[in-house]
């Protein structure tokens, strides 16, 4: 991890982030917060539907707007997060919250990949899930919420270590 963080801080991105002035980090941080908010807000709505809230609203109706929003939020959060950590990456070497945040994000993305391959998910356009399918979808929704809440909480705590 030390090698990766050392490389990132010494990279052209790290140099650029440190050299662009005092407002740059603040603006990038704001973009990160907006990205995380967009990601989690859309994921929250979708995961709550997967957990069984709003059963009268078809899954496809909830998924159609939330998936592109989640992808846009993830993209903003990812790109701005790299910029922020590149600014002073070596400072995070011993930060235990970094070792929580990154695996939680990885598990959240892995969970999304698994969900996308479940028959109940792939058939959402043509039918509502069966009771057995709903249990699998609920497990994926609960796992997703746990992963993203852990990532957000650890990310928030990074600055306090």
Scope segment 15-26; condition under 15 Å from residue 81 (Cα atoms) and surrounded by 13 or more Cβ atoms within 10 Å (Cβ to Cβ); matching residues:
16, 17, 18, 24, 25
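Specify the residue that is farthest from residue 128 (Cα to Cα); the eligible residues are those in segment 20-68 that are in contact (Cβ under 8 Å) with a residue 40 or more places away in the chain and not in a helix (DSSP H, G or I).
The first filter runs over segment 20-68 and keeps only residues in contact (Cβ under 8 Å) with a residue 40 or more places away in the chain, leaving 25, 28-29, 31-32, 34-36, 39-40, 43-44, 46-52, 58-60, 63.
Within this subset, residues satisfying the condition of being not in a helix (DSSP H, G or I) are 51-52, 58.
Numbers: 51: 14, 52: 12, 58: 7 Å.
Result: 51.
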Among residues belonging to segment 126-146 that are under 29 Å from residue 78 (Cα atoms) and touching a residue at least 24 places away in the same chain (Cβ under 8 Å), point out the one that is surrounded by the fewest Cβ atoms within 10 Å (Cβ to Cβ).
142
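Only one residue in 12, 77, 72 is more than 21 Å from residue 122 (Cβ to Cβ), surrounded by fewer than 16 Cβ atoms within 10 Å (Cβ to Cβ), modelled with pLDDT of 95 or more and within 12 Å of the chain's Cα centre (by Cα). Which one? Steps first, answer last, please.
On the way: 12 fails: within 12 Å of the chain's Cα centre (by Cα); 77 fails: surrounded by fewer than 16 Cβ atoms within 10 Å (Cβ to Cβ).
So the residue among 12, 77, 72 that is more than 21 Å from residue 122 (Cβ to Cβ), surrounded by fewer than 16 Cβ atoms within 10 Å (Cβ to Cβ), modelled with pLDDT of 95 or more and within 12 Å of the chain's Cα centre (by Cα) is 72.
Would you please name the residue that is nearest to the chain's Cα centre (by Cα), looking only at residues in segment 111-140 that are assigned to a loop (DSSP other than H, G, I, E, B) and within 16 Å of residue 62 (Cα to Cα)? Lay out the reasoning, then the answer.
Step one: filter segment 111-140 for residues assigned to a loop (DSSP other than H, G, I, E, B), giving 118, 123-130.
Remaining after also requiring within 16 Å of residue 62 (Cα to Cα): 123-129.
Values: 123: 25, 124: 23, 125: 25, 126: 28, 127: 28, 128: 26, 129: 25 Å.
Here the residue is 124.
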Condition first: closer than 22 Å to residue 51 by Cα and in contact (Cβ under 8 Å) with a residue 40 or more places away in the chain. Now tell me which residues in segment 69-114 satisfy that.
104, 105, 107, 108
Within segment 87-110, does at least one residue satisfy the condition of being touching a helix residue (DSSP H, G or I) at 6+ places or on another chain (Cβ under 9 Å), exposed (fewer than 14 other Cβ atoms within 10 Å of the Cβ) and not in a helix (DSSP H, G or I)?
yes
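The values are calculated or read from the model by the stated rules, or taken from the named source; none is laboratory data. Note that the structure is a prediction, hence the values are computed from the model and not measured. With ideal geometry, Cβ positions are generated from the backbone for all residues, glycine too; neighbour counts draw on all protein chains shown.
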